Amino acid sequence: MDLVLPVLAVSIALVSILLAPKASGEGAFYKGLSPAGETPGLVMLIFSQVTTWIFARSLMNAAILGFYYGLWGTLAYGLYYLSFITGGMIIDDLRFRKGYDSIQAFLFDRFGEWGTACYNLVIGVRLTSEVFANLLVIGILFGAAGSGSYALAVVGLALVTLVYSMLGGLHASLRSDLFQMVIFLVVLLMLLVVAFSGGHVSLDNLLFKPFEIDQPGPILMLVALLQIWSYPMHDPVMMDRGFLADRQTTRRSFYHAAWISTTCILLFGGLGILAGSQAATGEAMNVVLMRLLGDVPMLLFNAALVISAMSTLDSTLSSSAKLVVVDMKFLSPTMRNGRMVMALFMLLGLLMVFVGNKDLFSAVAVSGTASLYLAPVIFFSLWRSWERIPAWSYLASFTLSISGAVLYFMESTGYTMWLGESHKYTKLLYISLSVLTLGCLMFWLGRRQSNSYRAMPANVSDY
């Protein structure tokens, strides 16, 4: 049984490589075009959206939050998937109403070089953290941190995913996403059958943690509702898929991805809830699941994590190449340069695995807090079309968000206790609400200042 998961992982990797033909040109590598020059269809786009967001870290987070905080913890994580709704609204306005071909072009038009510099920094960190988090989950599945099996699993999966990502770019990612999503759905269905047939699913077990507004689960639900407005715009994997197809296909892909991904996350997180309801004091989630489900279902549980990790890694690498080569225009848009960028981001992710923080949700919380600087951009510059927002307002919002993200990281890891003895998610709520409110205030003040300058007479004699 110990050899089954490695064999399964290798098999999925080999099939993914076979499904990833070498890109015939820059259109396939960066825009996901087929060899015939066609854009991806609706089903491929939906499954790619879903599988790239139901990544290994998300599955593990949903289960862990359910284990510790019950239904409300898993629901909190599920609420983040409403980002597909807000993300679809952002893309529809940005691309189809205002005519921009990238987020960077919009930000440069509104805020100049500072607009793109701040954004590229945030999403560069986001992409690196995605590589790190998914590799970390793989390492945990195959061995204890620091062990030989841990290192071998991390490096092995990194190399295999890098190979087929470099071969076909975004087109390869879309094709492999479709295959990996089908496999994931089959595995999830089998897990649910085992869980229901074992008699572990009951209303009492699902509600083993009561709803109390001041508890971590409900508080995290409020955090998610604050962060979903800006979260999608700082996720280049989601946003990149909004620039591939026509308007109707793009709209439908986002809306269908919303309900499919939310359903999958809640169902998978339900396994963590069941484990939490049956756990003895001090018992780990994996140990409880093994006791409740048995060896074969736990193999399926781990297989789902492996599949989701691979599907996210290839998409993250494709977006990394597009960020540096196409959006930032740091290198000429050749496939060779894109492959070099992929290798660099994979190397950075590997470095973080072996020297970085091991708290999976910290990456989500820090990333989501940093993204809040984009909320006033979306509310006012995009959806309300305010054009006279000075760069200082944008920079002030950016500084607030980054400061909030750093503060949460320091508080959640115990480096500081400036916000008192409250639970870390309570602190996250205070930080998120403060950053969002103050960021919007900066934009309001900036527009008011711009309007005042515009209304001022040309010379003193006009008074």
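Residues of segment 240-248 include none that is in a helix (DSSP H, G or I), touching a Leu at 6+ places or on another chain (Cβ under 7 Å), surrounded by fewer than 23 Cβ atoms within 10 Å (Cβ to Cβ) and not acidic (Asp, Glu).
Quick test for you: out of Leu428, Leu419, pick the one residue that is more than 25 Å from Gly88 (Cβ to Cβ), under 19 Å from the mean Cα position of the chain (by Cα) and of a type outside the set (D, E, K, R). Reasoning before the result, please.
Working: Leu419 fails: under 19 Å from the mean Cα position of the chain (by Cα).
Criteria check complete, one pass: Leu428.
Within segment 269-284, does at least one residue satisfy the condition of being touching a residue at least 12 places away in the same chain (Cβ under 8 Å) and charged (D, E, K, R)? No, the conditions are met nowhere in segment 269-284.
Within segment 163-220, which residues are among the acidic types (Asp, Glu), loosely packed, with under 15 Cβ neighbours inside 10 Å and outside any loop (DSSP other than H, G, I, E, B)? Break it down stepwise before answering.
Restricting attention to segment 163-220, the residues satisfying the condition of being among the acidic types (Asp, Glu) are 177, 204, 212, 214.
Retained after the next criterion (residues that are loosely packed, with under 15 Cβ neighbours inside 10 Å): 204, 212, 214.
Listed by number, the list holds a single entry, Asp204.
None of Tyr394, Tyr408, Tyr373, Tyr415 is assigned to a loop (DSSP other than H, G, I, E, B) and hydroxyl-bearing (Ser, Thr, Tyr) except Tyr415. Considering (1) touching a Leu at 6+ places or on another chain (Cβ under 6 Å); (2) in a helix (DSSP H, G or I), the lone condition that Tyr100 does not fulfil carries the number (2). Reported count of residues in segment 390-409, each being aromatic (Phe, Trp, Tyr) and either free of Cβ contacts under 8 Å to residues at least 40 places away in the same chain or touching a Gly at 6+ places or on another chain (Cβ under 7 Å) (or both), is 2.
Report yes if Arg291 is charged (D, E, K, R), assigned to a helix (DSSP H, G or I) and out of contact with any helix residue (DSSP H, G or I) (no Cβ under 9 Å at 6 or more places or on another chain), otherwise no.
Values: charged (D, E, K, R): yes; assigned to a helix (DSSP H, G or I): yes; out of contact with any helix residue (DSSP H, G or I) (no Cβ under 9 Å at 6 or more places or on another chain): no.
Here the answer is no, as Arg291 does not meet what is asked.
Would you please name the residue that is modelled with the highest pLDDT, looking only at residues in segment 16-41 that are among the hydrophobic types (A, V, I, L, M, F, W, C) and surrounded by 15 or more Cβ atoms within 10 Å (Cβ to Cβ)? Quick ask: steps written out before the conclusion?
Of segment 16-41, the ones among the hydrophobic types (A, V, I, L, M, F, W, C) are 17-20, 23, 28-29, 33, 36.
Narrowing the set further to residues that are surrounded by 15 or more Cβ atoms within 10 Å (Cβ to Cβ) leaves 17, 19-20, 23, 28-29, 33.
Numbers: Ile17: 72, Leu19: 67, Ala20: 66, Ala23: 76, Ala28: 83, Phe29: 89, Leu33: 85.
Step by step, filter segment 16-41, then rank; the result is Phe29.
Before we move on, is Tyr68 hydroxyl-bearing (Ser, Thr, Tyr) and surrounded by fewer than 18 Cβ atoms within 10 Å (Cβ to Cβ)? For Tyr68, the condition - hydroxyl-bearing (Ser, Thr, Tyr) and surrounded by fewer than 18 Cβ atoms within 10 Å (Cβ to Cβ) - is met. Return yes or no: is Ser165 polar (S, T, N, Q), over 27 Å from Ala405 (Cα atoms) and under 20 Å from the mean Cα position of the chain (by Cα)? Judged against the criteria, Ser165 is a match.
Would you check which residues across segment 253-268 are hydroxyl-bearing (Ser, Thr, Tyr) and either without any contact (Cβ under 8 Å) to a residue 40 or more places away in the chain or under 15 Å from Leu79 (Cβ atoms) (or both) and list them? Break it down into steps so the answer makes sense when it comes.
Step one: filter segment 253-268 for residues hydroxyl-bearing (Ser, Thr, Tyr), giving 253, 255, 261-263.
Correct list: Ser261, Thr262, Thr263.
Grab the helices (runs of 4 or more DSSP H) fully contained in segment 1-88, keeping just those with 3 or more residues being more than 30 Å from Leu222 (Cα to Cα) and of a type outside the set (D, E, K, R). Break it down into steps so the answer makes sense when it comes.
Working: elements: 4-18, 26-31, 42-53, 56-79.
It comes to 4-18, 26-31, 42-53.
To keep it simple, each residue is scored yes or no on (1) touching a helix residue (DSSP H, G or I) at 6+ places or on another chain (Cβ under 6 Å); (2) at pLDDT 85 or above.
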position	(1), (2)
Ala76	yes, yes
Ile85	yes, yes
Phe108	yes, yes
Ala117	no, yes
Gly168	no, no
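Ile123 meets each of the listed conditions (1) part of a helix (DSSP H, G or I); (2) surrounded by fewer than 18 Cβ atoms within 10 Å (Cβ to Cβ); (3) touching a residue at least 12 places away in the same chain (Cβ under 8 Å) apart from (2). Within segment 145-162, restricting attention to residues that are polar (S, T, N, Q) and in a helix (DSSP H, G or I), the residue that is nearest to the chain's Cα centre (by Cα) is Thr161. Here Ser202 passes the criteria (1) of a type in the set (S, T, N, Q); (2) modelled with pLDDT of 85 or more; (3) in contact with a helix residue (DSSP H, G or I) (Cβ under 8 Å, 6 or more places away or on another chain) except the one numbered (3).
Within the set Val125, Val131, the sole residue that is over 23 Å from Pro376 (Cβ atoms) and among the β-branched types (Val, Ile, Thr) turns out to be Val131.
The values are calculated or read from the model by the stated rules, or taken from the named source; none is laboratory data. Here the structure is a predicted model, which means the values were calculated and not measured. In this analysis, Cβ positions are derived from the backbone assuming ideal geometry, glycine residues included, and neighbour counts consider all displayed protein chains.
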